[in-house]
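Let me begin by presenting the structure, written as structure tokens, before commenting on it.
The values are calculated or read from the model by the stated rules, or taken from the named source; none is laboratory data. Everything numeric in this text was worked out from a predicted model, so none of it was measured. Positions of Cβ are backbone-derived with ideal geometry, glycine not excepted, and every protein chain shown enters the neighbour counts. Keep in mind that these areas ignore ligands, DNA and RNA; they rest on the heavy atoms of the full protein, side chains included. Shrake-Rupley method; radii C 1.70, N 1.55, O 1.52, S 1.80 Å.
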Protein chains: 2
Amino acid sequence: MKKFSSRYSISVHILSLVALSPTSCTSDFIAESVNTNPVIIRRIIGMLKKAGLVHVRAGAGGTYLQKELDEITLLDVYRAVEVADHEHIFNCHDETNPRCPVGANIESVFRTKMLQAQSAMEHELDQVTLKQLVSELKEKTGSI
Amino acid sequence: MKKFSSRYSISVHILSLVALSPTSCTSDFIAESVNTNPVIIRRIIGMLKKAGLVHVRAGAGGTYLQKELDEITLLDVYRAVEVADHEHIFNCHDETNPRCPVGANIESVFRTKMLQAQSAMEHELDQVTLKQLVSELKEKTGSI
DNA sequence: TCTCGATGTAATCATTATAGTTACAACGGA
DNA sequence: TCCGTTGTAACTATAATGATTACATCGAGA
């Protein structure tokens, strides 16, 4: 399967950096930690900005949190860069043969089950705040 | 985001057909209900066969269940055609900057959280047997 | 044994998402 | 005004998906 893109993990990386770094977080600075191109970072930051998670100082440069760390969950980040609310991650083939009893009803039955599974996953993401995650990062590094 | 492929929903469709159809299920017959090319069906059936869910009468034609309907869960089908056991659906960027405290530790922390979310979803899939799903299909059609 | 329908699989093609890169206009603080 | 930074557009490469054609092989039944 094609996995979720690395946009998500990079987003968490960016937000952690912004939260922890005492210096100004420019896209160049972040790109160096992530080890990718600054444009990739700017594109992702654009999505985080749209979602109201960060704001950016145009011209001057630098990204800053728009909310408190404990007000941002992993679900918020996931919604910002991967899967919008009410978007289905399980694709279902459509235009099945309506004259076949299975073809006529498989979609609604399948979708219902998949929605339950997806919700269970997203509920888990909603349980973790960036504050918790950053605190685990700090533990691992022995404080920054 | 790139969703899970329709292989999964088609697989469930195929297995339901095989379970319910009184006549022999050839790839042509199934393809007509799914409304796609028979080769697509044969490829997916090949994966279901490898997973031990069905067997196929070579030469003569026709696909048959290898297990009882209540012995196959949606997780079994998912494992057969989408995500192998221990495979991560959340990608994580690697080769981060090891000299940055965030870059050095983000991967292990992120992966742990994602694994919990993925497990929650797969657990839900494990709760549904094909027997239940087929029974819901029957209800909708008013018996086949 | 021969025929004929079905399977298994390779090869090709179009489409789409991701990821990386270059280029450049516009912004705004020093 | 200058210069570093942001915001985007444009282009390229790669990979997964889905559809399709082609064909060797299998095996049940005539």
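Looking at B:Gln132, is it polar (S, T, N, Q), open to solvent by 40 Å² or more (accessible area, probe 1.4 Å), under 22 Å from A:Glu107 (Cα atoms) and part of a helix (DSSP H, G or I)? Spelling it out, B:Gln132 is indeed polar (S, T, N, Q), open to solvent by 40 Å² or more (accessible area, probe 1.4 Å), under 22 Å from A:Glu107 (Cα atoms) and part of a helix (DSSP H, G or I). Count of segment B:1-27 residues, restricted to those that are farther than 14 Å from B:Leu65 by Cα and away from every other protein chain (no Cβ under 11 Å), is 1.
Mind telling me which of the residues B:Ile30, B:Ile40, B:Ile72, B:Ile89 ends up being within 9 Å of chain A (Cβ to nearest Cβ), of a type in the set (A, V, I, L, M, F, W, C) and either open to solvent by less than 10 Å² (accessible area, probe 1.4 Å) or within 12 Å of DNA strand C (Cβ to nearest atom) (or both)?
Just a single option satisfies the conditions, and that option is B:Ile89.
For the criterion of being part of a helix (DSSP H, G or I), under 25 Å from B:Gly103 (Cβ atoms) and aliphatic (A, V, I, L, M), A:Val102 fails.
Taking the criterion of being within 11 Å of DNA strand D (Cβ to nearest atom) and of a type in the set (A, V, I, L, M), the residues of segment B:19-46 that qualify are B:Ala31, B:Val34, B:Val39, B:Ile40, B:Ile41, B:Ile44. Just so you know, in segment B:11-27 the residues that are open to solvent by less than 10 Å² (accessible area, probe 1.4 Å) and in a helix (DSSP H, G or I) include one that is farthest from DNA strand C (Cβ to nearest atom), and it is B:Val12.
Whenever a residue of segment B:54-65 is without any contact (Cβ under 8 Å) to a residue 12 or more places away in the chain, its partners that are open to solvent by less than 60 Å² (accessible area, probe 1.4 Å), lying with C-beta atoms within less than 6 angstrom and at least six residues away or across chains, give the pairs B:Val56/B:Thr63.
Each row is one residue, and each column tells you yes or no for (1) at the interface with chain B (Cβ under 9 Å from one of its Cβ atoms); (2) under 22 Å from B:Glu107 (Cα atoms); (3) open to solvent by less than 30 Å² (accessible area, probe 1.4 Å); (4) at pLDDT 95 or above.
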site	(1), (2), (3), (4)
A:Thr36	yes, yes, no, yes
A:Lys49	no, no, no, yes
A:Gly62	no, no, yes, yes
A:Lys67	no, no, no, yes
A:Ala80	no, yes, yes, yes
A:His93	yes, no, yes, yes
A:Val102	yes, no, yes, yes
A:Glu122	yes, yes, yes, yes
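When segment B:43-59 is filtered for residues that are at positive phi and away from DNA strand C (no atom under 12 Å from the Cβ), only B:Gly52 remains.
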